[in-house]
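Some notes on the structure that comes next.
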Amino acid sequence: MPKQLLPAAVILAVGVVGGATATRLAAQPVRDQGCGAASTPQLRTTLYFGTSRPKGSVSELEWQLFLRDEVTARFPDGLTVWDAQGQWRASSGDVDHERSKVLLLVHADTPKARESVQAVIARYRKMFDQQSVLWETARVCAAL
């Protein structure tokens, strides 16, 4: 990969967001000169939501309401969601499998956007009795 494109591919934060944010992003928006005139620097945030909970699982209706009320309300410009099958190692050492929802957001690198991501995670954890939500963020160039 050419050196001038490297900053666009750098992963800023990968972590399981539990009681606290695993990695905080920089407080100031970063300007990436590598995007060129046809695109603009943005962040791509991917969130992985497990749907198993102690008393059953998150229903499709519950997910759709959460998406409308919590996510779309904070990110009205657009998003992408897909179903996935995930696995993770439990504290017992066993590997657990569960249905998941993956949410992809492309947004500006601003304090407000980062706070909104954290609010979405906190609401999901509270509403659906979840221990964590996987949060991954990377710099991208987007033609909007």
Residues of the stretch 70-89 being over 15 Å from ARG125 (Cα atoms) and surrounded by 12 or more Cβ atoms within 10 Å (Cβ to Cβ), in sequence order, are THR72, ALA73, ARG74, PHE75, LEU79, VAL81, ALA84, GLY86, TRP88
ARG114 - would you say it is farther than 21 Å from LEU43 by Cα, touching a residue at least 40 places away in the same chain (Cβ under 8 Å) and under 14 Å from the mean Cα position of the chain (by Cα)? no
Going through (1) more than 17 Å from the chain's Cα centre (by Cα); (2) surrounded by fewer than 16 Cβ atoms within 10 Å (Cβ to Cβ); (3) of a type in the set (A, V, I, L, M, F, W, C) one by one, VAL58 fails only at (2)
Over the stretch 109-132, the set of residues touching a Lys or Arg at 6+ places or on another chain (Cβ under 6 Å) and over 22 Å from ARG99 (Cβ atoms) is SER116
Over the stretch 95-125, the set of residues aliphatic (A, V, I, L, M) and either surrounded by fewer than 10 Cβ atoms within 10 Å (Cβ to Cβ) or touching a Phe, Trp or Tyr at 6+ places or on another chain (Cβ under 6 Å) (or both) is VAL95, VAL102, LEU105
All-but-one check, SER92 against (1) at pLDDT 95 or above; (2) exposed (fewer than 14 other Cβ atoms within 10 Å of the Cβ); (3) farther than 29 Å from ALA143 by Cα, failing number (1)
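The values are calculated or read from the model by the stated rules, or taken from the named source; none is laboratory data. Quick caveat, the model's predicted, so the values are computed rather than measured. For neighbour counting, all protein chains shown are included, and Cβ atoms are generated from backbone atoms with ideal geometry for every residue, glycine included.
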